[in-house]
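Step one of this worksheet: look at the structure below.
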Number of protein chains: 2
Amino acid sequence: MDTASKLIKSWMNNAGLIATVDPMQNVIGSWPSENASSPSIHLGSHYDTVINAGKYDGPLGLLLCISAVEILRLEGYEPKHFINILGFCDEEGIRFSSTFLGSSYLCGTFDLNFLDNRDSEGNTMRELLESRGMDTSQFNKAKPLISKDDLFLEPHIEQGPVLENLDLPLGVVTGIAAQSRIHVSITGKSGHAGTTPLELRKDALTTAAEMILAVETLFDANSNARATVGQINNYPNAINAIPGKVEFTIDLRHPVTAGLNQLKEELLEKLNLIIQKRDLPCEIDFLQSVDSITCDRGIQKAMNKALAKHQKSVTSFTSGAGHDTLKIAQTCRSGMLFIRCRDGLSHHPDEYTSPEDIRVALNAWVDVIRELDQNFPES
Amino acid sequence: MDTASKLIKSWMNNAGLIATVDPMQNVIGSWPSENASSPSIHLGSHYDTVINAGKYDGPLGLLLCISAVEILRLEGYEPKHFINILGFCDEEGIRFSSTFLGSSYLCGTFDLNFLDNRDSEGNTMRELLESRGMDTSQFNKAKPLISKDDLFLEPHIEQGPVLENLDLPLGVVTGIAAQSRIHVSITGKSGHAGTTPLELRKDALTTAAEMILAVETLFDANSNARATVGQINNYPNAINAIPGKVEFTIDLRHPVTAGLNQLKEELLEKLNLIIQKRDLPCEIDFLQSVDSITCDRGIQKAMNKALAKHQKSVTSFTSGAGHDTLKIAQTCRSGMLFIRCRDGLSHHPDEYTSPEDIRVALNAWVDVIRELDQNFPES
């Protein structure tokens with residue numbers, strides 16, 4: 001972490017910015033403006049990563065921001081607004097099972113409950129931060145860097161296949177989908193596969209199979225829905241034993257929160273019909289829910305204008321994946337630019353975005369920053 | 001193993017038998033007859049066990065044989081036939097993934113390919129046996145103990161719920177079902193659960209779910225069928241990732257081999273329809289198949305006669321589980337007695353058969369042995 005933040009700080013310094021690392025390990029590069037009382041434009045993305053992942057998810061966006069500002073400075077551009085580049089320390093939330101740590105800290109909306117989360121070695125986040133000299137009692141008390149009149153802009157790889165299928169390098173994000181994670185546990189009765197007749201079976205896996213297909217049918221009514229059973233664990237999981245217990249997870253997403261709530265109702269109705277028919281005890285737990293956000297229309301307009309110069313057509317769509325923007329949009333008007341990645345693949349060592357696409361993204365991003373600095377959108 | 005075989009040998013000696021341990025670690029207790037030229041009656045079961053299992057599967061049958069012979073000897077009974085009690089060293093086939101090692105050795109039908117199987121530490125069975133002083137080049141060459149004119153009788157817990165549902169302690173086995181084990185591997189494409197639309201998904205788990213329900217429908221046409229998906233492994237098995245690969249197993253059983261072959265055909269037809277519809281690459285491998293066997297009718301008749309004295313009614317049915325009898329029935333006429341076990345549970349620490357049922361089983365088993373020794377069935 002220290003190695004990474006120092007390296008990013010040196011890149012920001014080389015680009016001519018005043019760079020600091022805050023106590024959370026966010027790296028902040030400032031480009032001051034003559035106009036000290038104006039709202040700020042914040043640009044950035046996260047520099048942490050999931051384990052065994054690619055190198056584009058997060059860092060590519062941060063590097064695009066640094067490079068774009070360097071280009072503008074070399075052009076002799078003089079910004080009307082304070083411009084900050086933000087490298088967020090922890091978006092993925094791997095070590096402490098807690099997402100958006102860096103961006104929420106900079107918004108003054110850090111969830112203090114996270115301080116008691118423990119890492120795999122049993123240390124709390126509070127202990128770790130205090131051992132580094134941070135006074136956690138002061139959390140959320142100082143005036144945050146990001147405030148309500150500012151703008152936040154994040155470039156990021158798409159982590160999905162939409163741009164690849166449209167054969168376009170870039171896309172404008174209209175909002176970030178609402179999301180729910182659900183855990184289902186079915187209790188059947190294990191038994192010998194060779195001896196137990198059908199009428200005496202309580203097979204947890206056949207019940208789960210029916211539920212998995214019910215989750216898939218949620219797509220039928222709504223092409224904007226995303227409904228995925230990603231994880232399944234079967235017990236005892238032996239070739240000659242009837243499954244006695246199955247646990248699986250459901251990931252539900254919808255562009256807007258109301259649509260997600262509708263999806264949840266439909267899902268519960270379908271699952272309850274199966275539970276009644278199969279008559280096996282089943283627990284359904286809603287693990288977490290996140291509301292959708294809408295990207296600022298003024299920012300979207302500026303991005304559409306910039307993109308029209310750099311590719312054959314302009315497209316915009318909702319992000320199914322969460323990003324720092326999801327958190328920051330609760331504080332100030334925000335917008336995102338998506339960059340095509342090969343096969344829509346992310347969180348994988350084979351994650352890839354071509355140098356050609358990165359070049360297009362950089363040129364467009366310079367235009368986006370200039371446009372929004374010159375024509376700061378009305379709120 | 002040595003501890004167990006020595007203990008069993010001592011029990012046989014205490015029961016008045018001439019006991020030996022053969023080079024495979026089968027324990028053999030002999031009760032000689034005046035009538036040296038007559039065929040033998042072999043009684044027994046295995047004394048090995050699966051890991052983390054109960055204590056009745058196998059050993060209960062062996063102990064019943066020892067106790068029954070002890071009772072007959074104490075009565076002053078003089079057998080017309082040589083009677084051997086056989087404690088088989090390895091029926092479950094855990095260490096070397098190879099079943100019926102003890103019983104096939106005693107029949108002279110040991111599969112020599114098994115000698116090259118390795119245990120989890122990499123030792124072959126051949127190395128292990130030779131390090132114990134056994135000449136494996138002599139396998140299957142000496143005259144085996146069990147030969148075609150003999151009888152083999154095995155008492156065993158049911159490992160299923162049929163007797164419990166009929167409220168009967170004992171049942172006569174009519175045969176052992178044919179069995180096939182099948183491995184299915186579906187290759188989809190992993191992707192982000194939040195970003196990938198339905199039309200771009202290649203979800204291996206929804207395909208597997210449809211197949212699991214298709215396996216269940218095999219029961220529809222035939223109540224004698226047993227069709228179970230016992231094991232499923234999903235990759236990457238992450239809450240927010242579309243399953244990119246699923247492997248699962250199918251355990252198919254039918255009382256007769258022809259019925260099993262019919263089941264396999266039906267299954268393949270159903271799976272192929274799903275593969276065509278879903279269009280995901282899928283490999284279907286038949287891991288192993290075992291033909292059904294029929295228990296000798298003369299032995300069944302003697303068992304029915306004995307059971308009628310000890311419980312309110314007599315029942316007989318096919319065993320869905322495999323046993324040493326499955327192997328030995330290829331060499332000589334064989335029969336099995338099932339003893340009720342609680343909840344039909346086996347291969348589990350909670351496996352249980354009540355002392356009352358064991359007492360009924362012992363009394364009936366004494367009658368079965370006497371009946372067959374007195375009225376050796378015509379072949």
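The values are calculated or read from the model by the stated rules, or taken from the named source; none is laboratory data. Everything numeric here is computed off the predicted structure, so don't read it as measured data. Glycine also receives a Cβ, built like all others from the backbone with ideal geometry; neighbour counts cover every protein chain displayed. Note: accessible area is taken over every heavy atom of the protein model, side chains too, but ligands, DNA and RNA are not part of it. Shrake-Rupley method; radii C 1.70, N 1.55, O 1.52, S 1.80 Å.
May I ask you to say which residue of A:PRO281, A:PRO236, A:PRO243 is over 23 Å from A:GLY160 (Cα atoms) and open to solvent by less than 10 Å² (accessible area, probe 1.4 Å)?
Step by step, each of A:PRO281, A:PRO236, A:PRO243 is checked, and only A:PRO243 is over 23 Å from A:GLY160 (Cα atoms) and open to solvent by less than 10 Å² (accessible area, probe 1.4 Å).
Does A:GLU265 count as assigned by TED's automatic domain parsing to the domain that holds A:GLU210 and under 25 Å from the mean Cα position of the chain (by Cα)?
Criteria met by A:GLU265.
Mind counting the residues in the range B:321-350 that are in a loop (DSSP other than H, G, I, E, B) and either open to solvent by 10 Å² or more (accessible area, probe 1.4 Å) or in contact with a Cys (Cβ under 6 Å, 6 or more places away or on another chain) (or both)?
Of the residues in the range B:321-350, 11 are in a loop (DSSP other than H, G, I, E, B) and either open to solvent by 10 Å² or more (accessible area, probe 1.4 Å) or in contact with a Cys (Cβ under 6 Å, 6 or more places away or on another chain) (or both).
Might you check whether a residue that is surrounded by 23 or more Cβ atoms within 10 Å (Cβ to Cβ) and of a type in the set (Asp, Glu) occurs anywhere in the range B:189-208?
Yes, that holds for at least one residue.
Take the conditions surrounded by 17 or more Cβ atoms within 10 Å (Cβ to Cβ), away from chain A (no Cβ under 14 Å), on the phi > 0 side of the Ramachandran plot and in contact with a Leu (Cβ under 8 Å, 6 or more places away or on another chain) and apply them to B:PHE100. Does it pass?
Against the criterion (surrounded by 17 or more Cβ atoms within 10 Å (Cβ to Cβ), away from chain A (no Cβ under 14 Å), on the phi > 0 side of the Ramachandran plot and in contact with a Leu (Cβ under 8 Å, 6 or more places away or on another chain)), B:PHE100 qualifies.
Mind counting the residues in the range B:147-188 that are within 30 Å of B:LYS277 (Cβ to Cβ), facing chain A (nearest Cβ under 8 Å) and open to solvent by less than 10 Å² (accessible area, probe 1.4 Å)?
0
From the list B:GLY44, B:GLY76, which residue is without any contact (Cβ under 8 Å) to a residue 24 or more places away in the chain, among the small types (Gly, Ala, Ser) and not in a helix (DSSP H, G or I)?
Testing whether each residue is without any contact (Cβ under 8 Å) to a residue 24 or more places away in the chain, among the small types (Gly, Ala, Ser) and not in a helix (DSSP H, G or I) leaves just B:GLY76.
So that you can scan it fast, the table gives a plain yes or no per residue for (1) under 21 Å from the mean Cα position of the chain (by Cα); (2) open to solvent by 10 Å² or more (accessible area, probe 1.4 Å); (3) aromatic (Phe, Trp, Tyr):
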{"position": "A:LEU60", "(1), (2), (3)": "yes, yes, no"}
{"position": "A:ALA68", "(1), (2), (3)": "no, no, no"}
{"position": "A:GLU75", "(1), (2), (3)": "no, yes, no"}
{"position": "A:LYS80", "(1), (2), (3)": "no, yes, no"}
{"position": "A:SER104", "(1), (2), (3)": "yes, no, no"}
{"position": "A:GLY108", "(1), (2), (3)": "yes, yes, no"}
{"position": "A:PHE114", "(1), (2), (3)": "yes, yes, yes"}
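Go through the residues of the range B:354-372 one by one and say whether even a single one is surrounded by fewer than 19 Cβ atoms within 10 Å (Cβ to Cβ) and closer than 22 Å to B:ARG226 by Cβ.
Taking every residue of the range B:354-372 in turn, none turns out to be surrounded by fewer than 19 Cβ atoms within 10 Å (Cβ to Cβ) and closer than 22 Å to B:ARG226 by Cβ.
Regarding the range A:122-145, can at least one residue be identified that is closer than 26 Å to A:LEU337 by Cβ and assigned by TED's automatic domain parsing to the domain that holds A:ARG370?
Yes, there is a match, as at least one residue in the range A:122-145 is closer than 26 Å to A:LEU337 by Cβ and assigned by TED's automatic domain parsing to the domain that holds A:ARG370.
Tell me whether the range A:317-329 contains one or more residues that are out of contact with any Pro (no Cβ under 9 Å at 6 or more places or on another chain), over 18 Å from A:ASP57 (Cβ atoms) and among the β-branched types (Val, Ile, Thr).
There is no residue in the range A:317-329 that is out of contact with any Pro (no Cβ under 9 Å at 6 or more places or on another chain), over 18 Å from A:ASP57 (Cβ atoms) and among the β-branched types (Val, Ile, Thr).
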